[in-house]
Ligand code: SF4
């Protein structure tokens, strides 16, 4: 995995895209109190497959309120965890993944904590996260960028990745890891972790409202002039 920065025509496109999306949707800045412990963010991602963010957030808050520690969550029976996650899109799968992930962390670190990642650089920390069951690039980038770690790592959900593919910023068939590697190399070097977080939320909003999966509304899209598909 490479996280180096460089110059590329796509860097200027990303700057323009960011400004135009702010013009379209306004600023989308994550409040500090929405940055959570890294392990909270990991759990939220692991149980959040195909679920709305608000539902996954509520489930994660409910779990830690009910059990007190993530170690206790890992000890719980699968059937009880499945019941606790009944509002998840796939409760049984979420429970199984969560238990396996937390247990793996405990096996390696002695308890359910990600504190050791603070000592690693971002690429090393993401590689460590991605060897956990149920953790791929979207979740590892989310832990790095949106938790208290607040590191430079671009979260790419399916919608934002679709936008990047259609615009020609990443290869058309790039999976999340490949798209992440391609975009991290060309992000404007002056962007902070918070800017990168905002860029993801703006890209996600574009995907949800205008760059829809089956029928993109290119005629009203603010980034059309920079988009391979839209042109
Ligand atoms: S111009 Fe069309 S395809 Fe390109 S990002 Fe906008 S809506 Fe999506």
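The values are calculated or read from the model by the stated rules, or taken from the named source; none is laboratory data. Worth saying up front: this structure is predicted, and the values here are computed from it rather than measured. When we count neighbours, we look across all protein chains shown, and the Cβ atoms used for this are built from the backbone with ideal geometry, even at glycine.
Give the range 65-92 a look and list any residue that's under 21 Å from the mean Cα position of the chain (by Cα) and surrounded by 17 or more Cβ atoms within 10 Å (Cβ to Cβ), or say none.
70, 85, 88, 91
Kindly check whether there is at least one residue in the range 191-213 that is farther than 18 Å from residue 24 by Cβ, assigned by TED's automatic domain parsing to the domain that holds residue 25 and within 12 Å of the ligand (Cβ to nearest atom).
Yes, there is a match, as at least one residue in the range 191-213 is farther than 18 Å from residue 24 by Cβ, assigned by TED's automatic domain parsing to the domain that holds residue 25 and within 12 Å of the ligand (Cβ to nearest atom).
Can you name the helices (runs of 4 or more DSSP H) wholly within the range 31-121 that have at least 1 residues being without any contact (Cβ under 8 Å) to a residue 12 or more places away in the chain, more than 23 Å from residue 150 (Cα to Cα) and in contact with a helix residue (DSSP H, G or I) (Cβ under 7 Å, 6 or more places away or on another chain)?
Per the criteria, 53-67, 91-109.
Looking for whichever is closer than 30 Å to residue 124 by Cβ, surrounded by 16 or more Cβ atoms within 10 Å (Cβ to Cβ) and in contact with a helix residue (DSSP H, G or I) (Cβ under 7 Å, 6 or more places away or on another chain) here; the options are 182, 177. Which one fits?
177
Which residues, taken from the range 155-167, are crowded, with 24+ Cβ neighbours inside 10 Å and assigned to a loop (DSSP other than H, G, I, E, B)?
Across the range 155-167, the qualifying residues are 155, 156.
Pairs only if they're at least six apart or on different chains, beta carbon under 9 angstrom, first in the range 175-195 and part of a loop (DSSP other than H, G, I, E, B), second modelled with pLDDT under 95; list them, first residue then second.
Every condition considered, the pairs that remain are 187/5; 188/5; 189/5; 189/6; 189/7.
Given the criteria at pLDDT 95 or above and surrounded by fewer than 24 Cβ atoms within 10 Å (Cβ to Cβ), does residue 146 qualify?
no
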